[in-house]
């Protein structure tokens with residue numbers, strides 16, 4: 001490995017779209033082939049209890065800012081242009097920064113729905129990233145395809161040669177090129193993938209790609225999962241090729257549960273996707289960290305992690321400090337990535353309210369706090385989620401079980417404090 005003046009690690013954060021933990025073989029999934037992610041888990045760290053919010057923009061706001069949504073939520077598909085993202089922080093710390101994939105944080109609503117949010121939000125060039133290659137950067141009705149024949153903006157210019165091409169390939173190619181150009185200085189790559197979000201369509205590896213690349217239906221979801229895995233493998237291979245493997249931290253995360261239109265087998269049972277639901281099926285997601293020579297190989301950790309924890313973790317890896325005059329909600333899991341015990345959470349908290357927003361009328365505010373076993377909503381509903389993962393049997397009287405009663409009191413105190 002060639003020396004360089006700044007030996008802080010590169011960071012590659014990959015966020016899969018609508019991918020529940022049941023989709024990966026390393027989590028017990030049996031329906032899809034995911035050899036590249038399974039290999040990263042086998043040679044790195046796999047977290048069994050990582051949680052996101054049930055929908056994409058709430059998760060992305062929490063992930064990118066390190067704050068619970070009640071602190072900075074505006075509207076679905078909207079990030080305030082004054083917000084500070086992890087790219088701003090890491091850029092200030094001396095990292096070269098790149099985002100490639102899905103944006104969808106500006107002017108989400110169509111023209112005839114809640115027009116007060118038209119033209120609002122953050123544009124990619126305001127987000128702290130030095131370079132970008134993105135889908136859905138302008139008004140919703142102009143977004144076009146993210147898959148076959150995609151509409152993609154690169155650093156302010158729309159690509160004009162995408163016919164017959166596949167969006168996720170373009171996003172990945174851009175990342176590979178960026179890493180090659182910046183191999184001699186620390187870089188941060190954020191890859192909010194288009195895959196595996198609907199519309200469910202063929203990939204270039206699908207039998208139908210050559211004849212009908214715009215065909216649709218849940219039958220293509222498996223192809224999309226497997227192509228997503230293939231693209232993660234291409235990124236890992238490029239890092240190897242650049243001889244940066246031991247100085248690069250790869251993090252892979254899902255943004256919420258799988259679509260409800262699909263089911264997958266996990267540990268011998270069928271599981272329906274839970275996107276949009278506050279149950280484990282909608283919020284418990286895969287989290288894999290791979291950092292050869294630093295992260296322990298083959299470790300499986302039960303530590304609770306939520307999306308606010310990534311910002312302090314990234315900043316710790318970058319040997320940088322967050323501003324002392326702002327409020328952040330995350331807890332770094334960097335020590336665990338170094339094989340140490342760290343300071344794991346006793347509970348996680350969620351504030352989920354995707355309103356206002358087009359297509360979100362069926363949702364409302366949900367707030368909850370949970371441990372590995374117990375989960376309390378702010379309406380008083382209390383569940384033993386180890387015994388009742390779908391939350392079908394609320395516990396009416398928890399006082400007879402001392403652990404339940406004690407935990408409920410702690411979770412209620414968290415709910416009372418975070419508002």
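Laboratory data are not the source of any read-out in this text; all were calculated from the coordinates shown. This one's a predicted model, so the numbers in the text were calculated from it and none came from an experiment. Quick reminder, even Gly has a Cβ in these numbers, built from the backbone with ideal geometry, and neighbours come from all protein chains shown.
As a size descriptor, the averaged projected area of the C-alpha convex hull of the stretch 201-260 was calculated at 5.4 nm². Roughly how far apart, in whole Å, are the Cα centres of the stretch 1-67 and the stretch 353-419? When both Cα centres are located, 25 Å separates them.
If you take the alpha carbon radius of gyration of the stretch 287-419 and divide it by 2.2 N^0.38 Å, what ratio comes out, to two decimals? The partial results should precede the final answer.
Values: Rg = 17.5 Å, N = 133, 2.2 N^0.38 = 14.1 Å.
That works out to 1.24 for the stretch 287-419.
State the antiparallel share, in %, of DSSP beta bridges confined to the chain, rounding to the nearest 5. Of all bridge pairs located within the chain, approximately 55 percent are antiparallel.
Classify the stretch 135-269 as rounded, prolate or oblate, taking a ≥ b ≥ c as the square roots of the eigenvalues of its Cα gyration tensor: rounded when a/c is under 1.5, otherwise prolate if a/b is larger than b/c and oblate if not. Intermediate results must be reported in sequence, preceding the final value.
Details: a/c = 1.85, a/b = 1.23, b/c = 1.50.
Taking the square roots of the gyration eigenvalues as a ≥ b ≥ c, the stretch 135-269 is oblate.
The stretch 218-291 and the stretch 127-179 have Cα centres spaced 21 Å apart. Scaled against the 2.2 N^0.38 Å expected of a compact globular protein of N residues, the Cα radius of gyration of the stretch 10-346 reads 0.93. Put simply, when 217-224, 177-184, 154-161 are sorted by average Cβ atoms within 10 angstrom per residue, most first, you get 217-224, 177-184, 154-161.
Averaging over all projection directions, find the projected area of the Cα convex hull of the stretch 1-96 and quote it in nm² with one decimal place. If you can, show how the numbers build up before the last one.
Values: hull surface 35.0 nm².
In nm², the orientation-averaged hull projection of the stretch 1-96 is 8.8.
Between 100, 206, 26, the residue with the greatest mean-square fluctuation in the GNM of the chain (Cα pairs under 10 Å linked by springs) is 206.
Rounded if a/c is under 1.5, else prolate if a/b beats b/c, else oblate: with a ≥ b ≥ c from the C-alpha gyration tensor eigenvalues square-rooted, which is the stretch 375-417? It comes out oblate by the Cα gyration axes.
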